[in-house]
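To start, the structure itself, in structure tokens.
Values in this text are rule-based calculations from the coordinates and carry no lab data. Model, not experiment: these values are computed from the prediction. Virtual Cβ from ideal backbone geometry, glycine too; neighbours counted across all protein chains shown.
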């Protein structure tokens, strides 16, 4: 069990903020499209890539249904895993529907993530194409659209990854833009290679234009993300406010422009403490990271608790972890409303819910792929329910299926590339 620290730690932020020795930034103009079906992340990622080529004359908007059908044709036959979009399927679909002028999209795999990341950054820097990659051990496709390193990623260099920005096709029909620190990218998104049995098992995967040839590695700072005492919600707000100004988050992507507004016009809402269980097979009581979500709302939307952007900080150190923006405002469901929804679902009275145990958890699964959209895990009378914590303008009356789930793990077998 984690404990909360009391007293203001904000004065220590300057000590925690490591000076940046240098910065090399590449930021590409990649459009954001949400996946139109829950398992179409590959189709949406391809759609973003093909309409985000460096030369606008080469861009083409192709319907996701067409892309999805092409992916199913191109997925590798005979794979033992259940793939919605496998790496070959995505690569060949990019080549068949809208190949780049060079005519090449290369499917790159490497058991060493630092080496594959060098290929990604080297070619993004020199050719300016976005890169689709698998995260969460192959559960989900996203598109890398920007990065920041300490030095330029050229042949012979070993840059340190400071930040990386992705276009994420989740949530469906919306998508999200997320910027994460280099350490969080390696510890949360590329924390492990493909876990699907078959061709790509044990490898990190990215689809890159053109054929990569240089050798190098990209490192990232290693931070402790576990501990015994968590900072308080107010401290989480102080840290989030500090980082949004210190890192000038509003400059990272147009989607974050809201953070440039004055503190009077943009208000932080109640922070949410999240238990992170990236590996769904953890033993009960395992020591895991925790982080805070600090949502921000426009002044005129704060009373309704509508958030359009949130900053995530380490729950033990207050260090910046990521920022995520949505096209549509979301409402985070508080504990009382979550209990009302579960009581309705289980046909219990609120008095019977008094013995319930609840915590907010993030595990990548079929109903969430965003760390900023975790879920309530509520146990009562030996029954467990998983309630999506953030939905567009959510109200209790709407918190029935599909917002309440009995199991977050893919039934009956895992589905990869969804």
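Descriptive notes on the structure:
- Theoretical FRET efficiency, 1/(1+(r/R0)^6), r = Cβ-Cβ of residue 261 and residue 334, R0 35 Å, to 0.05: 0.90
- Given their separation in residues at 0.36 nm each and the Cα-Cα distance between them, residue 270 and residue 36 gain 81.2 nm when the chain is fully extended.
- At 0.890 mPa s and 25 °C, Stokes D of segment 142-263 from Kirkwood alpha-carbon radius, µm² per second: 143
- Extension gain, residue 381 back to residue 62 (0.36 nm per residue minus Cα-Cα distance, nm): 109.9 nm
- Ranking of 385, 127 by neighbouring Cβ atoms within 10 Å, starting from the fewest: 127, 385.
- In the chain, Rg over Rh equals 0.96, where Rg is the alpha-carbon radius of gyration and Rh the Kirkwood radius from pairwise Cα distances.
- Compared with the dominant principal axis of the Cα atoms in the chain, helix 41-50 is inclined by about 50°.
- Most tightly packed first, judged by the mean number of other beta-carbon atoms within 10 Å of their residues, the peptides 64-75, 360-371 read 360-371, 64-75.
- Alpha-carbon centroids, segment 92-122 and segment 341-357: separation in whole Å: 50
- The distance separating the Cα centre of segment 247-279 from that of segment 26-51 comes to 23 Å.
- Only helices enter this figure: runs of n ≥ 4 DSSP H residues, each worth -39500 (n - 2.57), summed and divided by the residues of the chain, yield -5500 deg cm²/dmol at 222 nm to the nearest 500.
- For segment 43-84, the spread of Cα positions along each principal axis, largest first, Å: 39, 18, 13
- DSSP bridge analysis restricted to the chain gives an antiparallel fraction near 90%, rounded to the nearest 5.
- Linear extension gain, residue 284 paired with residue 351, 0.36 nm per residue minus alpha-carbon span: 21.4 nm
- Label point of residue 95 set 7 angstrom out along Cα-Cβ; within segment 52-85, amide nitrogens under 17 Å from it belong to 70-77.
- Gap separating the Cα centres of segment 289-324 and segment 189-210, nearest whole Å: 30
- Here segment 56-210 is treated as a sphere whose radius is the Kirkwood value from Cα pairs; by Stokes-Einstein at 20 °C and 1.002 mPa s it diffuses with a coefficient of 133 µm²/s.
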